[in-house]
Amino acid sequence: MKIAFAKIGKSPKSFAFEKEGVSLSGTLERSGLHRLKMDADFSGERALLCDRCGKRYMHRFSQTLEMTLSEETLSTKEDLDIIEFLDGIVDFDYIVESELASLEGAFHFCSACEESSEILEIEF
Ligand SMILES: [Zn+2]
């Protein structure tokens, strides 16, 4: 799903996007000449490999995403919660793919390992 930057004004426009068991829904509104603010819920489930035991498990998640979307090249000083869309088109597939990539890149434990790491914390 794609939406042109030019179509988003100062009043929030809602959107809902689903892809492979993952959903991204919320609002987009203009926050600057070349910027949009996205407030969204990102939820769904994804098969991940546990970083501790290597077992494959289903990871269910539900998180709030607050992001700035820019149609201009960013300076390196700016914070990381900005995504560039230099052609002026918001590409929801891209947002979901990059959020899933960061989810997969972060440390994650299956529920059994999460329980055992809690016990370790209590013991030490
Ligand atoms: Zn595990």
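For the reader, a short list of remarks on this structure follows.
- Failed item in (1) at pLDDT 90 or above; (2) away from the ligand (no atom under 16 Å from the Cβ); (3) surrounded by 10 or more Cβ atoms within 10 Å (Cβ to Cβ); (4) closer than 25 Å to residue 21 by Cα, with residue 81 passing the rest: (1)
- Filter pass, residue 9 being in contact with a strand residue (DSSP E or B) (Cβ under 7 Å, 6 or more places away or on another chain) and part of a loop (DSSP other than H, G, I, E, B): yes
- Only a single criterion out of (1) assigned to a strand (DSSP E or B); (2) without any contact (Cβ under 8 Å) to a residue 24 or more places away in the chain is not satisfied by residue 37, namely (2).
- Neighbours by Cβ (under 9 Å, 6+ apart or cross-chain): first from the range 41-57, free of Cβ contacts under 8 Å to residues at least 24 places away in the same chain; second within 7 Å of the ligand (Cβ to nearest atom) and of a type in the set (D, E, K, R): 49/55
- Within the set 29, 66, the sole residue that is in a strand (DSSP E or B) and in contact with a Pro (Cβ under 9 Å, 6 or more places away or on another chain) turns out to be 29.
Each row is one residue, and each column tells you yes or no for (1) within 16 Å of the ligand (Cβ to nearest atom); (2) surrounded by 15 or more Cβ atoms within 10 Å (Cβ to Cβ); (3) not polar (S, T, N, Q).
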{"residue": "14", "(1), (2), (3)": "no, no, no"}
{"residue": "17", "(1), (2), (3)": "no, yes, yes"}
{"residue": "21", "(1), (2), (3)": "no, no, yes"}
{"residue": "28", "(1), (2), (3)": "no, yes, yes"}
{"residue": "31", "(1), (2), (3)": "no, yes, no"}
{"residue": "36", "(1), (2), (3)": "no, yes, yes"}
{"residue": "42", "(1), (2), (3)": "no, yes, yes"}
{"residue": "46", "(1), (2), (3)": "yes, yes, yes"}
{"residue": "51", "(1), (2), (3)": "yes, no, yes"}
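- Hey, residue 70 surrounded by 15 or more Cβ atoms within 10 Å (Cβ to Cβ), touching an Asp or Glu at 6+ places or on another chain (Cβ under 8 Å) and of a type in the set (Gly, Ala, Ser) or not: yes
- Residue 28 among the aliphatic types (A, V, I, L, M) and farther than 30 Å from residue 114 by Cβ: yes
- Restricting attention to the range 11-34, the residues that are charged (D, E, K, R) and at pLDDT below 95 add up to 2.
The values are calculated or read from the model by the stated rules, or taken from the named source; none is laboratory data. The model shown is predicted, which means the values in this text are computed figures rather than measured ones. Note that we place each Cβ from the backbone using ideal geometry, even for glycine, and neighbour counts take in every protein chain shown.
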